[in-house]
1. Taking B:F229 as meeting all but one of (1) in a helix (DSSP H, G or I); (2) buried (at least 19 other Cβ atoms within 10 Å of the Cβ); (3) at pLDDT 95 or above; (4) not assigned by TED's automatic domain parsing to the domain that holds B:N129, write down the number of the exception.
2. Quick check: anything in the range A:22-33 surrounded by fewer than 19 Cβ atoms within 10 Å (Cβ to Cβ) and either within 22 Å of C:E111 (Cβ to Cβ) or under 13 Å from the mean Cα position of the chain (by Cα) (or both)?
3. When you scan the range B:178-189, do you find a residue that is within 14 Å of chain A (Cβ to nearest Cβ) and either out of contact with any His (no Cβ under 8 Å at 6 or more places or on another chain) or at pLDDT 95 or above (or both), even just one?
4. In the range A:10-54, what count of residues is obtained for those that are among the polar types (S, T, N, Q), under 25 Å from B:E207 (Cα atoms) and in a strand (DSSP E or B)?
5. Give the residues of the range B:380-418 that are surrounded by fewer than 20 Cβ atoms within 10 Å (Cβ to Cβ) and modelled with pLDDT under 95, sorted by residue number.
6. Of (1) assigned to a strand (DSSP E or B); (2) away from every other protein chain (no Cβ under 13 Å); (3) small (G, A, S), C:S84 satisfies all except one. Which?
7. Among the residues of the range B:271-285, is there at least one that is among the aliphatic types (A, V, I, L, M), more than 14 Å from every other protein chain (Cβ to nearest Cβ) and in contact with a Cys (Cβ under 8 Å, 6 or more places away or on another chain)?
Amino acid sequence: MAETPKIRVPKTAKKGEIVEIKTLLPHIMESGQRKDKDGKTIPRKIINKFAAEFNGKPVFSANIEPAVAANPYLQFSAKVEESGTFKFSWTDDDGSVTTAEEKITVS
Amino acid sequence: MRGKFLAVGVAAAASMMASVIVTDSGARAQSKAPLGLGQDAAARPWKRYPGWPAADYSKYNTLGKLATAPAPKEPRKLTGPVGGDAANGAKLVADRSRGGSCLACHVMGPAGNADLPGNVAPDLSEIGNAGREDEWLYNYVFDARVYNPETVMPPWGSHGFFSEAEIKDIVAFLKTLKSPAVFRTALDNPEKRPQPVEKRDNLDPLENPGMWAVEKGEELWKLKSASGFSCNTCHSDPKTSFKTWAASMPKWEPRLNKVLGVEEFVTRHARTTIGVDWPMETDNNRAMSVYLHFLANGTPIKVDTESAEAKAAIARGVELSKRKVGALNMACTDCHGIAVNKWIRGQWMGEPKGQYDHFPTWRTSLLAIWDIRQRFQWCSVNIRGDELPPDSKEYGDLELYLASQNQGLTMSVPGIRH
Amino acid sequence: MRHLTRRAALALGAGSAAITLVGWNGGAFATPQAAADDIAKFTGGATPEKGKISIELPEIAENGNTVPLSFAVDAPMTGTDYVSDVLVVAEGNPNPGVATFHFTPLSGKAEAATRIRLATTQNIVVVAKTSGGKFYTGQKLVKVTIGGCGG
């Protein structure tokens, strides 16, 4: 079951403006390096890929490793020339994908 | 058992509705609030959290009982030269598994290729030039109380952290320290290391994952229990009626004969009104405590310090804060007094003022929310002493004393700390 | 405010999180050589030029669990000339890899921020690749604080 991400995108922007986007997905980012109290390695389970697109075109993406902290946070920029929709996706080691959308009005 | 308990809760809830439902005043609700006096607010017997050190510290003082053996009165006699293996001593002084290591408080020249040593206690980098007798050095490490009964230094030998032979190795190492410390980088010098500044916006969910508890608390507020009642039944406008309440807590509670904090209040009140079981140090209790504190954010802390009962509780808190506890034989004031504005290894020790206004707080090192009572418990275990149950009277006295030192500071919960 | 599921609350908020289990324990750690190998793979063997990258990291991290990292590459972000990829490696973690960021002209700026885990005091190295096949690098040392009580 996917968790609900927290996202901050400005509601409006001027044409050609570079806007700042912040995202966080609640996720333990189990590194695969930890041992439980019986000394058994806890299997790795992380978000390994994040991608952001705007009106279907790629804006930013990241392949991430266990060295990214729990509740993976990513902040980046986007240059917007038109109104539209950002789509975000987080891919888990187990294959599940969490997605979210945010609209922006460009004037 | 469960059925009977719920039935009692529902009956109590029903009987109080008529009188309370007409007023939604946090302050008034507190003075009359049903508290369910018959049961403890936390697990009994108290069991230490999973993942915490499981060691038994029952030989030593806690904030609840005195047990530590008396300090030796006389220094131990050395029959010959101390001998010892200085190379092994260099390793031992940096061994963090033995009570934190000497470097937590002392700069020690090249010891352990020291990263971020502390400066609570004297720089020992030139102790080898000080002309100290072997026997004096040996006893100072073994149990410094023979020279200074009030010392902060743990009795490393008397309390079994190091064997006699190991202490001789440490002394041999100390005797080799003859030149001023050379630090690996400027930051390693505790006299020059910049003190940390907390700049994160702790109320931004993108900064503070602990904000989950505010959302969870809002949800729990409206959640109807089997009784058909929720917090919302009586307190339908919590944003208004609890705008200042948490800032007035903890408070002396005559019905319990102890200081009552927000967390214990939540357990007792919810149990006896809507019939839910939210014991202290469980997620629902934490969420509700964070939410109630959150509602009072921006309000200056204003606890009762004037009543005779509050004054007596604070006086007891002051005394407890000076009690030596645990195998490390340290009092609250040894760190949160003597070490204030100094470095304990790489950790800056701030003054008590400012250590309460953000609790319960998100701990980035643990991915968990801790309330103040769990923080007290961790301090106890960290100095190798047994913790008390979170609802103990002693922690209540200590919490009120700490809150009184934070009087007037603006509350901002959940905090975010390491 | 967005709704957080019960499971999320538990994943984040288990108050009794095992202290000894937080961070990394046991096992071998990466070396500057392992990090250099990762960089060589990223650059195809080319030696990146020093400069053009600013890195923000605390000089001292209060713990290694969630260390804020941001970087900015001082390079054009036009349709034909832009920073396409940025590799971040840590020289002293169990594995050197931290993340690879991919930019497009729509990114507007070759800048990003995240929060990372650092097992110990170490160098963080950032390498940027442009659409024209140029490589730039920068690095910064982070001291990870050691607690006083051994816990």
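The values are calculated or read from the model by the stated rules, or taken from the named source; none is laboratory data. Remember, it's a predicted structure, so these values are computed and weren't measured experimentally. As a convention, Cβ positions derive from the backbone with ideal geometry for all residues, glycine included, and neighbour counts pool all protein chains shown.
1. Only one criterion in (1) in a helix (DSSP H, G or I); (2) buried (at least 19 other Cβ atoms within 10 Å of the Cβ); (3) at pLDDT 95 or above; (4) not assigned by TED's automatic domain parsing to the domain that holds B:N129 is unmet by B:F229, namely (1).
2. Yes - at least one qualifying residue is present in the range A:22-33.
3. Scanning the range B:178-189, I find no residue that is within 14 Å of chain A (Cβ to nearest Cβ) and either out of contact with any His (no Cβ under 8 Å at 6 or more places or on another chain) or at pLDDT 95 or above (or both), so the answer is no.
4. Matching residues across the range A:10-54 total 3.
5. Result: B:H418, single match.
6. With (1) assigned to a strand (DSSP E or B); (2) away from every other protein chain (no Cβ under 13 Å); (3) small (G, A, S) applied to C:S84, the lone miss is (2).
7. Checked the range B:271-285: at least one residue is among the aliphatic types (A, V, I, L, M), more than 14 Å from every other protein chain (Cβ to nearest Cβ) and in contact with a Cys (Cβ under 8 Å, 6 or more places away or on another chain).
Per-residue answers, yes or no, for (1) within 13 Å of chain C (Cβ to nearest Cβ); (2) more than 23 Å from C:G147 (Cα to Cα); (3) in contact (Cβ under 8 Å) with a residue 12 or more places away in the chain; (4) of a type in the set (V, I, T):
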residue	(1), (2), (3), (4)
B:R96	yes, no, no, no
B:G99	yes, no, yes, no
B:M108	no, no, yes, no
B:L116	yes, no, yes, no
B:D123	no, no, yes, no
B:E126	no, yes, yes, no
B:A130	no, yes, no, no
B:V141	no, no, yes, yes
